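One structure below.
The values are calculated or read from the model by the stated rules, or taken from the named source; none is laboratory data. Every value quoted in this text rests on a predicted model; they were computed, and no experiment measured them. Cβ coordinates were reconstructed from backbone atoms using ideal geometry, including for glycine residues, and neighbour counts include every protein chain displayed.
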Amino acid sequence: MSEAAEAFNRSIQDAQDLLDLFDDEKNTNSNKKPEALKRAGLIIAMAAWETYVEDRVLEEFEVLLKAVGGSPLGLFVQRRLDEDLRRFHNPNSQNVKRLFEDCFEVDITQKWVWDNYDANQARTVLNKLISKRGKAAHVANTSSNPECDPHLVKRDDLEKAIRFLKGLVTATDKIKLVK
């Protein structure tokens, strides 16, 4: 298991903890509205995925740059990689594919196969989650009657997202990138 995957496993736990808090709040007779916990859980889960992708690229590049570390070539490549990762804020399937193809000449998305997912299904689910994350993060519920509006992130949606991302990281982590 890569260090990136180990870090992901620690950070995805925050999303699970928020889901557990939501369940605890829902089961009490509190006047609090715990719906924000589900949105926050999705945002944190997707941030864990984004961080995994960035960390995995950096981890693999560490191996590649050992031979040229400190040289003008090594410094140039490191600056370019740092710049690319600074602009990597939307880890949908197209952007992940582009990043890994640019860095390692591998279409990593073709190898996203596990349990009941094939590569196309995995890409579709990831893209939908990224879109929902964007809505959860950037579109507040400004309705005049928010209690009647359907919730953006349902409890089952968050639970499935966490399970999906864990599977996606496991599948991605199995792919050998540096020869």
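Per-structure values
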| item | result |
| --- | --- |
| Count of residues meeting criterion [farther than 19 Å from Val96 by Cβ and of a type in the set (Gly, Ala, Ser)] in the stretch 16-58 | 4 |
| Residue count, the stretch 9-42 (criterion: surrounded by fewer than 20 Cβ atoms within 10 Å (Cβ to Cβ) and modelled with pLDDT of 95 or more) | 7 |
| Residues of the stretch 86-105 satisfying the condition of being assigned to a helix (DSSP H, G or I) and either of a type outside the set (Val, Ile, Thr) or touching a Lys or Arg at 6+ places or on another chain (Cβ under 6 Å) (or both) | Arg86, Ser93, Gln94, Asn95, Lys97, Arg98, Leu99, Phe100, Glu101, Asp102, Cys103, Phe104 |
| Which numbered condition Ile108 misses (of (1) within 17 Å of the chain's Cα centre (by Cα); (2) farther than 30 Å from Asp156 by Cα; (3) aliphatic (A, V, I, L, M)) | (2) |
| Test: residue in the stretch 60-73 that is more than 24 Å from Phe8 (Cα to Cα) and either in contact with a Ser or Thr (Cβ under 8 Å, 6 or more places away or on another chain) or assigned to a helix (DSSP H, G or I) (or both) | yes |
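Every residue, every condition in (1) under 22 Å from Glu6 (Cα atoms); (2) modelled with pLDDT of 95 or more, yes or no:
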{"site": "Glu105", "(1), (2)": "no, no"}
{"site": "Asp118", "(1), (2)": "no, yes"}
{"site": "Ala122", "(1), (2)": "yes, yes"}
{"site": "Asn127", "(1), (2)": "no, yes"}
{"site": "His151", "(1), (2)": "no, no"}
{"site": "Leu168", "(1), (2)": "yes, yes"}
{"site": "Thr172", "(1), (2)": "yes, yes"}
